[in-house]
Amino acid sequence: MKAGSEFPPVTVYNVDDKLFLIDGFHRVAAAEAVADVKMKATPVIDANVIQGTMGEAIAAAALANTTHGRPMKRNEHKNAFRMLAKSGQLEGKTTRHIADLMHNVVSHVSIHNWANKEFPDLLATKAKKRKKSETGREPYVDGMTSREIEHRAAVSNIQQTLSLIMNGRITDEQSLHDIAALAKGVLDKAIELGGDPDHEAY
């Protein structure tokens, strides 16, 4: 910022005529630091101001935490989910919808586990006790069996890895080598078992 680089506007929510900074705390801090160096009393920074409710503002802040450049730790993902759950903006949504909202930084299986433990009334579709299938297995999440949950979790992990790479969050050479080697093995085995790489992913 000192060199005159341009940064995207920060995001501010206007809730009942009160302004809340949602995304861009580091940009604001940098602008204040530059203002101090240049001995300016008030730093100036562009902002997108959105009119909304407090719940919408809290949800937006939680989601902004999932798109920052630095990789987040698991407890940070969990805290972002807690913020979303407390915002009231997840009512009626399934675990997959919530995972999509959080840019798939965590799997829908993790969302299900967190919700059941801390917000048991949150999910739109919860596990229901039903008769066992012919295989003797009992359905769990959203009518899925334990094996189906395991399969979806595997796919979600691949989607999460792809998302991290596409967003430039994995850059060290050794990790990229490891991912490339594992991805080739997964691709070869999936094709051998009948998988179609041109099939549209879920």
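The values are calculated or read from the model by the stated rules, or taken from the named source; none is laboratory data. Keep in mind that what you see is a predicted model, and the values were worked out from it rather than measured. A quick note on method: Cβ atoms are made from the backbone with ideal geometry, for glycine too, and the neighbour counts reach across all protein chains shown.
Would you pick out the residues in the stretch 77-98 that are hydrophobic (A, V, I, L, M, F, W, C) and surrounded by 19 or more Cβ atoms within 10 Å (Cβ to Cβ)? Within the stretch 77-98, Ala80, Phe81, Leu84, Ala85, Leu90, Ile98 meet the criteria. Against the conditions (1) surrounded by 14 or more Cβ atoms within 10 Å (Cβ to Cβ); (2) at pLDDT below 65; (3) in a loop (DSSP other than H, G, I, E, B); (4) among the β-branched types (Val, Ile, Thr), Thr135 satisfies every one except (1). His177 meets the conditions (1) closer than 26 Å to Gln89 by Cβ; (2) modelled with pLDDT of 65 or more; (3) in a helix (DSSP H, G or I) in every case but one. The failed one is (1). Yes or no: Gly185 loosely packed, with under 12 Cβ neighbours inside 10 Å and either under 20 Å from Asp100 (Cα atoms) or at pLDDT below 80 (or both)? It is false that Gly185 is loosely packed, with under 12 Cβ neighbours inside 10 Å and either under 20 Å from Asp100 (Cα atoms) or at pLDDT below 80 (or both). Of all positions in the stretch 91-101, at least one carries a residue that is in contact with a His (Cβ under 7 Å, 6 or more places away or on another chain), of a type in the set (Lys, Arg) and at pLDDT 85 or above. Within the stretch 42-54, if we keep just the residues that are more than 12 Å from Ile22 (Cβ to Cβ) and either of a type in the set (S, T, N, Q) or surrounded by fewer than 16 Cβ atoms within 10 Å (Cβ to Cβ) (or both), the residue that is modelled with the highest pLDDT turns out to be Gln51.
Residues in the stretch 1-41 that are in a loop (DSSP other than H, G, I, E, B), modelled with pLDDT of 75 or more and surrounded by 10 or more Cβ atoms within 10 Å (Cβ to Cβ): Pro8, Pro9, Gly24.
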